[in-house]
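Please read the structure below before turning to the comments.
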Amino acid sequence: MSRILLTGFEAFDRDTVNPSWEVARALDGWACGGATVQAVQLPCVFGAALARLDEALAQGAVPRLVVGLGLASGRAEITPERVAINVDDARIPDNAGRQPVDAPVAAGGPAAYFSSLPIKAIVHGLRSAGLPASVSNSAGTFVCNHAFYGLMHRLATQPVLARTRGGFVHVPALPEQAARAPGMPCLPLETQVQAMRLLLRTALAVERDIVEAGGALH
Ligand code: PCA
């Protein structure tokens, strides 16, 4: 059995729940394509999130797949991220009160990394199953992008991780969160978990991504 690392974030910005962690922990132990999911919670803190990721990467077998999840409140769909950028630029303080502005995630690192997940095949598969999904071209510049960039930097620079695929997916708010913010889109937890099962299956099965237009005007 190989290992799939699925990370989710703790709650942040005065929230009490984070769907990304609820989804990850619901799938902890789930077996898929000869691999088993290990759910790991990341602190919503610059630096500390990557320290926790390093621990999880080092403990146990080299993972076949690492997928980071995070909440993007305001989004209505499951959105696999295309690109991580080498910038920390926090609009609000993180859970430790840190608020870096225009700082690199990794000093001297490349400007960006692309996800190595088959993001178009994932979106295609989710939509075919009637689940809302689209490719996102920006993971922002807060702790999610930080974790995504840090992950891809590790996969690119640590020889032991050379064969591990990785990426990041933002998920919508839960109905209980949207109930407190009129007009906020949401997706029930069961639907998010179902989508993530399909996403992981696709990520394991599809070696080469499909070519399908996914560009948006905005
Ligand atoms: N979302 C934030 C950080 C943690 C989370 O779940 C983000 O999009 O950066």
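The values are calculated or read from the model by the stated rules, or taken from the named source; none is laboratory data. Just so it is clear, the structure is predicted and the values come from calculations on it, not from any experiment. As a convention, Cβ positions derive from the backbone with ideal geometry for all residues, glycine included, and neighbour counts pool all protein chains shown.
Pairs linking a residue in segment 165-176 that is in a helix (DSSP H, G or I) and at pLDDT 95 or above to a residue that is more than 15 Å from the ligand (Cβ to nearest atom) and not charged (D, E, K, R), with Cβ atoms under 9 Å and 6 or more positions apart or on different chains, are P175/P188. The residues of segment 125-168 that are among the hydroxyl-bearing types (S, T, Y), farther than 27 Å from P43 by Cβ and surrounded by 14 or more Cβ atoms within 10 Å (Cβ to Cβ) amount to a single one, S134.
Does segment 142-154 contain any residue that is in a loop (DSSP other than H, G, I, E, B) and either within 16 Å of the ligand (Cβ to nearest atom) or hydroxyl-bearing (S, T, Y) (or both)? Within segment 142-154, one or more residues are in a loop (DSSP other than H, G, I, E, B) and either within 16 Å of the ligand (Cβ to nearest atom) or hydroxyl-bearing (S, T, Y) (or both). G130 satisfies every condition listed in (1) away from the ligand (no atom under 16 Å from the Cβ); (2) on the phi < 0 side of the Ramachandran plot except (2). Note on segment 1-45: among residues that are crowded, with 16+ Cβ neighbours inside 10 Å and small (G, A, S), the one that is nearest to the ligand (Cβ to nearest atom) is S20. Checking every residue in segment 136-147 against the condition of being at negative phi, without any contact (Cβ under 8 Å) to a residue 60 or more places away in the chain and over 16 Å from the mean Cα position of the chain (by Cα) gives zero matches.
Within segment 87-107, at least one residue is in contact (Cβ under 8 Å) with a residue 60 or more places away in the chain, surrounded by 14 or more Cβ atoms within 10 Å (Cβ to Cβ), closer than 26 Å to L187 by Cβ and touching a Phe, Trp or Tyr at 6+ places or on another chain (Cβ under 9 Å). Taking segment 72-115 as the range and being charged (D, E, K, R) and more than 12 Å from the ligand (Cβ to nearest atom) as the test, the residues that pass are E77, R82, R98, D102.
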